[in-house]
Amino acid sequence: MVTLEEYNSTEKPTWCPGCADYTILTTIKKTLTELNIESHNAVLVSGVGCFAKLPYWIKTNGFVGLHGRSLPVAQGIKLANEDLTVIAFGGDGDGYSEGGNHFIHACRRNVNITYVVHNNGVFGLTTGQYSSTSTMGTKSKSSPRGSIEVSFNPIAVALASGATFIARVYVGNPSHCVDIMKKAVQHNGFAFVDIIQPCITFGKNHEYYKDKIYIVDEKYDWSDKSTAFLKALESDTGKIPCGIIYKK
Amino acid sequence: MDSFVIRVGGEAGWGIATAANLIAHIFIKLGYHVFSSKEYASQIKGGHNYHTLRISSKPLGADVDKVDMLLALDSVTVEKHTSYVVDGGMILYNDSIEIKDTKSTVTYVPLPITTIQQTLNEKNIANTVFVGAAIKSLNIEYDVLKSVMADIFNHKLQLLDILANAAHTGYDSMEKGVGIGLSAGEKSSLEFYNGNGAITKGALDAGITFHAQYPMTPVSAILHDLAKESINNKDLTVIQPEDEIAAINMALGASYAGSRAMTATSGGGFSLMVESVGLASMAELPLVIIEGQRPGPATGLPTKTEQGDLSFVLSAGQGDFPHVVIAPGNVQECYTETKRAFYLAEKYQLPVIVLVDTLLAESFSTIKLSNTLNIDFSQRFNIIDNANQYQMKNGLFMRYSEDNFLRTLPGTKNGIYTCAGDEHTNVGSITEDPTIRNGMMRHRMGKLKKIEEELPVPELYGSINADMTLVCWGSTTSAVMEVVNRLGTEGKSVNMVHMKYMCPFHTSSVHDILSKSNKILLIENNYTGQLGKLIMEKTGIHVNDTILKYDGQPFTVDELYNLIIQKW
Ligand SMILES: Cc1ncc(C[n+]2csc(CCOP(=O)(O)OP(=O)(O)O)c2C)c(N)n1
Ligand SMILES: [Mg+2]
């Protein structure tokens, strides 16, 4: 049996106290442990951003590459050795802006990896500029009069690009995160999980998300693509549905 | 005469390349060396297209300004190339073309292409009719052509029938002529490759298992050939990703996980890869990158040739980082140096760039695949599958050690570490500690000295203590060497240095050679003399006499000869 301790690193994370990335770190450890994956057979791949330091702080194989480029690296790893459990990480800046092209094509390519995006609606590491998933009108250092761009909808883009597993979770519900993450890792194909998270230093707090977040009910049919599209578009109107949105 | 030149021209899509390929293999079968270059516009159908074959007793790698036999499938070929045909030369042409000004010193032979096509009730056979006629006029037996065709079209028997018939009709329509007047060598095991093919072959012989490439002229053929190879080669994964950044990062991921990985591109695509070259250096990942130069900047002249990216690839990345840059000087070296690139990349865990250009990538030469590099690629270099002995107290593997270059692959028990683009400790943890930073910089940069010691030093070719020393690199090397030989037979005292290893650079050997030279003349296919700048930087020797060309065309031997004579 694999234990959680096996994944404990001796290094101490340097994220802000109270950062949601700690919860995601625990989510990943629990996921791997509960799926009984031995630490030497997992690979965590990331890019650059606050989120991207996660592999440094779990005792398993890690690859911390360049801003926006975790997906091609992760696909290369999986193509080279299909026995490895490969999880790639992105940020909303890293994965949806800098690496947006890789996201679209990884969805189409359907290589059997998991892609987790820490979506905090802000560029954390570069101290708080608005990001592609900030809501329109967001004021930040780089958008002092409010951003004028429509917010990026990763769920709809993943659907349109042919991803075979698409889910969204909210970091404020850790057990739901672990539950969905396990399903994503077990999915045979490209599994995409967008994790909505606050950024307590530069972005929105839990209070902001509280009334917007909800988990899709049991009757929701995630196998139907048109239904899934409607669900995906809901987040444009203010509500943020979580859970498996689409699965093939 | 040291070579016999046949040029075949027509419209793109008419099988000009096939005709050239047939003629080349006929002469190879007879024991000759062949150099074959092509010239075309960036246009798929309809543009003027020609191939030039230089047949010789010894290996050659450049064109000359004369043509002994012109095969003109269309009128443009006659208009554009008649002036190059030598006195006593021959022009075979499609008899439906009207020849206006004939050259009295040249024999014109009309071929009844239209009649033959009607009689045989076939279109698109003009190319083989020309080949049949050409070889008869060169006193070569039809059987040689027949067996070459059987080799080339062995999967397409119906087509073979049609083409053989056409070639035979062309053969019969011609008077028997005299031979090319050059002695053949032994019917040895010469192979006919272009640079792309030689690189592909070198990669395969070095055990490549992963190739990711976004198409770009002049190196797309590498992607095509490896993709085809991967159908039956279970160990080889080939992928065409969304862009060059994906290509190099996929290759790095695969390399990290244990593949022997390669990517290929031209200057534009390499520009996109630059940040990731640094990642390979920092994370210490083996990677072979083929950079096929074409004239820039931007889209430039996409189908032409230039040596304009040397300075760029040498400095392609932020910070000080170790990487290797090798510039093969001919097709033979494309093969050998690609193998060397795989070896160095894996052993020293860093990116190795093999720098070629359109001329080298696309022109064919007879080469030997004999093992000039004695490396056993069935073994892995510096990869361990038992890491117990290298455990740190925190249970991680000591991946980045100052003393050795050992690595584990993911999946190895006790082999866990972080492969990091951030500055890192010996287990790959992120750090900003100045002492560790210093150690890691020395560790990474120290690779270059070790590699330099492994690489063959540059040698002087030609007479010692010569009046003039020619300095060149890459695809211009063959033309320069031929000029050196020609000047030598004329009694002129000249020698040359061909620079192959650009980084690491053999500073002291180059300094030794050049500081003894009486007059140095730099020859490059670019505007600024980029090798000259490198030599200046490394040795302090300023080469101020240059022959530079940047019109998209390679030097011909005759052109270069004349330019050098003017400098005497
Ligand atoms: C090529 C490149 N461009 C820009 C940066 C600077 N940079 C580092 S992190 C970052 C944005 C981080 O935002 P996000 O991906 O959302 O991650 P977060 O910090 O919010 O977790 C940027 C722009 C970089 N490292 N590399
Ligand atoms: Mg962010």
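Projected onto the charge dipole of chain A (+1 at Lys/Arg Cβ, -1 at Asp/Glu Cβ, origin at the Cα centre), which of A:N101, A:G65, A:G172 gives the Cα projection farthest towards the positive end? Farthest towards the positive end: A:N101. Restricting the calculation to Cα atoms, region B:440-568 yields a radius of gyration followed by a Dmax of 15.4, 55 Å. Here the calculated FRET efficiency for A:K182 and A:D221, from their Cβ-Cβ distance with R0 = 22 Å, stands at 0.55, rounded to the nearest 0.05.
For region B:215-255, accessible area lost to neighbouring protein chains reaches 20 Å² or more, against the chain alone with a 1.4 Å probe, at B:T237, B:I239, B:E242, B:D243, B:I245, B:N249, B:M250, B:G253.
Separation of region A:176-207 and region B:91-168, taken as the distance between their Cα centroids, equals 68 angstrom.
Roll a 1.4 angstrom probe over the protein heavy atoms and tell me the percent of accessible area of chain A that is carbon or sulfur. Carbon-and-sulfur percentage of accessible area, whole number: 52. Out of the DSSP beta bridges found with both residues in region A:18-247, what percent are antiparallel (nearest 5)? So the antiparallel bridges amount to about 20 percent of the total. Largest to smallest in accessible area, the residues B:Y561, A:Y209 fall in the order B:Y561, A:Y209 (1.4 Å probe, all protein chains included). Using just the helices of the protein assembly as shown, give the 222 nm mean residue ellipticity in deg cm²/dmol: DSSP H runs with n ≥ 4 each add -39,500 (n - 2.57), and the total is spread over all residues, rounded to 500. The helix contribution divided over the protein assembly as shown gives -10500 deg cm²/dmol.
With both bridge residues required to lie in the protein assembly as shown, what share of the DSSP beta bridges run antiparallel, to the nearest 5%? Antiparallel: roughly 35 percent of the beta bridges in the protein assembly as shown. Measuring only protein heavy atoms, the 1.4 Å probe finds B:M499 accessible over about 0 Å². In terms of its C-alpha gyration tensor, region B:389-454 has an oblate overall shape, because the principal axis ratio a/c (a ≥ b ≥ c, square roots of the eigenvalues) is not below 1.5 and a/b does not outweigh b/c. Using C-alpha pairs below 8 Å separated by at least 6 residues, the relative contact order for region A:18-247 is 18 percent. Scattering from the protein assembly as shown was approximated by placing one identical point on each alpha carbon and applying the Debye formula without solvent; log10 I(q)/I(0) at 0.09 1/Å stands at -0.92. Please report, as a whole percent, how much of the solvent-accessible surface of region B:421-568 comes from carbon and sulfur atoms (probe radius 1.4 Å). Its accessible area is 50 percent carbon and sulfur atoms.
Can you pull out the buried accessible area for chains A and B, both sides counted, probe 1.4 Å, rounded to the nearest 100 Å²?
What A and B bury together is about 2900 Å².
The Stokes-Einstein estimate for chain A, based on a Kirkwood radius over Cα pairs and taken at 25 °C with 0.890 mPa s viscosity, is a diffusion coefficient of 138 µm²/s.
Computed from Cα atoms, the angle from the helix B:530-539 axis to the main principal axis of chain B rounds to 40 degrees.
Computed over the Cα atoms of region B:4-172, the ratio of the radius of gyration to the Kirkwood radius (Rg/Rh) comes to 0.94. Taking only the alpha carbons of region B:192-367, we obtain Rg and Dmax values of 14.3, 42 Å in that order.
Our note on the geometry: Cα centres of region A:83-111 and region B:306-362, 30 Å apart.
For region A:1-79, averaging the sequence separation of C-alpha pairs within contact (under 8 Å, six or more residues apart) and dividing by the residue count gives a relative contact order of 31 percent. Here chain B carries DSSP beta bridges of which approximately 40% are antiparallel, counting only pairs with both residues inside.
Please compute the net charge surrounding B:V109, taking Lys and Arg as +1 and Asp and Glu as -1 over other residues with Cβ under 10 Å from its Cβ.
Local net charge: -2.
To the nearest 0.05, how large is the calculated FRET efficiency for B:E459 and B:S183 if R₀ is 22 Å and r is the Cβ-Cβ distance? E between B:E459 and B:S183, to the nearest 0.05, is 0.15.
Hey, can you list the residues from region B:400-418 whose accessible area shrinks by 40 Å² or more with all protein chains present, relative to the chain by itself (probe 1.4 Å, no ligands or nucleic acids)? Listed in order, they are B:P410, B:G411, B:K413, B:I416, B:T418. Accessible surface computed residue by residue for the protein assembly as shown, with neighbouring protein chains in place and a 1.4 Å probe, gives 40 Å² per residue. Would you mind calculating the relative contact order of chain B from Cα pairs under 8 angstrom and at least 6 residues apart, reporting the percent as a whole number? Relative contact order for chain B comes out at 12 percent.
Where does helix B:220-232 land angle-wise versus the long Cα axis of chain B, in degrees 0 to 90, nearest 10? It is inclined by approximately 80 degrees. In the distance distribution for chain B, Cα-Cα pairs more than 34 Å apart total 45 percent.
The values are calculated or read from the model by the stated rules, or taken from the named source; none is laboratory data. The shown structure was predicted, so the numbers you read here are calculated from the model rather than taken from an experiment. Virtual Cβ from ideal backbone geometry, glycine too; neighbours counted across all protein chains shown. Just the protein is used for accessible areas: all its heavy atoms, side chains included, with ligands, DNA and RNA removed. Shrake-Rupley method; radii C 1.70, N 1.55, O 1.52, S 1.80 Å.
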